[in-house]
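The values are calculated or read from the model by the stated rules, or taken from the named source; none is laboratory data. Computed from a predicted structure; not experimentally measured. For neighbour counting, all protein chains shown are included, and Cβ atoms are generated from backbone atoms with ideal geometry for every residue, glycine included. The area values use the complete protein model at the heavy-atom level, side chains included, leaving out ligands, DNA and RNA. Shrake-Rupley method; radii C 1.70, N 1.55, O 1.52, S 1.80 Å.
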Amino acid sequence: KAGVTQTPRYLIKTRGQQVTLSCSPISGHRSVSWYQQTPGQGLQFLFEYFSETQRNKGNFPGRFSGRQFSNSRSEMNVSTLELGDSALYLCASSLGGTQTIGYTFGSGTRLTVV
Amino acid sequence: QKEVEQDPGPLSVPEGAIVSLNCTYSNSAFQYFMWYRQYSRKGPELLMYTYSSGNKEDGRFTAQVDKSSKYISLFIRDSQPSDSATYLCAMSRDTDKLIFGTGTRLQVFP
């Protein structure tokens with residue numbers, strides 16, 4: 001069974017640019033959550049989508065946005081990139097019924113902002 | 001102060017040792033407690049989860065939750081070099097977002 005697929009794996013962008021990251025959940029999973037992981041802060045919750053609706057949101061500025069498509073695939077977008085946005089962005093999928101148990105994470109997209 | 005505190009380590013132990021990893025938390029509303037393992041250049045994978053207080057055992061791994069002390073632990077018996085990874089605790093109130101610790105890096109040397 002295929003796992004959670006995140007593309008691209010690595011990305012280098014310049015300050016001020018925008019970026020879109022993609023996540024394909026496990027087949028049958030309807031919930032997709034996004035986390036930012038940095039050495040100092042650890043994993044911080046960005047947002048969660050379930051059946052194309054944002055169900056939960058973390059404390060990140062409006063430059064961070066996301067969406068989910070009818071096939072449960074999700075994208076997150078970061079506009080006006082800042083150096084501090086450099087991080088590993090992780091996507092996690094679950095069935096959605098018991099949201100927080102049974103998360104499966106992808107391998108992440110490592111974003112470097114220069 | 002962070003809601004979940006975890007010693008970053010690194011923790012270096014010889015093969016066969018018993019490893020104890022711990023987290024403390026401040027939010028008494030947390031009910032679900034999890035441990036994830038993350039290898040280098042990979043996403044976290046769920047090792048164990050516990051609902052409310054108590055112990056749970058799975059092979060060489062034992063998870064303990066003490067809600068009165070707001071303290072959770074993961075014990076690894078007979079540690080192996082393949083256990084070398086970063087261990088993350090995580091917790092949540094209910095069907096809510098997971099709050100993670102910053103992770104403890106563990107190295108098991110032969």
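List of remarks:
- About its Cα centre, the dipole of chain A is roughly 120 debye, where the only charges are +1 on Lys and Arg Cβ and -1 on Asp and Glu Cβ.
- Modelled label positions at A:SER27 and B:ARG60, each set 7 Å beyond Cα in the direction of Cβ, lie 3.4 nm from each other.
- Test item: B:97-105 mean partner chain Cβ contacts at 10 Å: 5
- Summed residue charge, Cβ within 9 Å of B:SER28's Cβ, Lys/Arg positive, Asp/Glu negative: +2
- Mean separation of Cα contacts under 8 Å, 6 or more apart, over the residue count of segment A:36-114: relative contact order %: 24
- Burial order of peptide ranges B:13-20, B:99-106, B:82-89 (average beta-carbon count within 10 Å, highest first): B:99-106, B:82-89, B:13-20
- Within segment A:7-114, the GluC sites (Glu not before Pro) that combine a DSSP coil assignment with at most 16 other C-beta atoms in a 10 angstrom radius are A:GLU52, A:GLU82.
- In straight-distance terms, cross-link reach from B:LYS56 covers every one of the aspartates and glutamates whose alpha-carbon lies under 16 Å from its own, apart from those fewer than eight places away in the same chain; here that gives B:ASP66.
- Counted charge near A:ARG67, where neighbours are those whose Cβ lies closer than 10 Å (Asp, Glu -1; Lys, Arg +1): -1
- Across B:LYS2/B:LYS70; B:LYS42/B:LYS97; A:LYS13/B:LYS97, pairs whose alpha-carbon gap is larger than 23 Å: A:LYS13/B:LYS97
- Its residues counted as N, chain A yields a C-alpha radius of gyration over 2.2 N^0.38 Å of 0.99.
- Counted charge near A:PRO39, where neighbours are those whose Cβ lies closer than 15 Å (Asp, Glu -1; Lys, Arg +1): +2
- Look at the stretch B:34-43: the mean tally of other chain Cβ atoms within 10 Å of its residues' Cβ atoms is 4.
- Cβ-Cβ FRET estimate between B:LYS42 and B:SER69, R0 fixed at 25 Å, reported to 0.05: 0.20
- With the convex hull constructed from alpha-carbon coordinates only, chain B shows a mean projected area of 6.6 nm² over all directions.
- Segment A:42-78 residues near the modelled B:ALA29 label - backbone nitrogen below 19 Å, point 7 Å along Cα→Cβ: A:44-48, A:55-60
- For the protein assembly as shown, the normalised intensity computed at q = 0.12, 0.13, 0.17, 0.18 Å⁻¹ comes to -0.65, -0.76, -1.23, -1.34 (log10 of I(q)/I(0), Debye sum over alpha carbons, equal scatterers, no solvent).
- Relative pair counts by distance (%), Cα atoms of segment B:1-59, 10 Å bins: 15, 46, 35, 4
- C-alpha center-to-center spacing [segment A:48-98, segment B:14-69] in angstrom: 26
- D_trans [Stokes-Einstein, Kirkwood Rh over alpha-carbon pairs] for segment B:27-73, 4 °C, 1.567 mPa s, µm² s⁻¹: 112
- Size of the B/A contact, given as accessible area buried on both chains, probe 1.4 Å, in Å²: 1600
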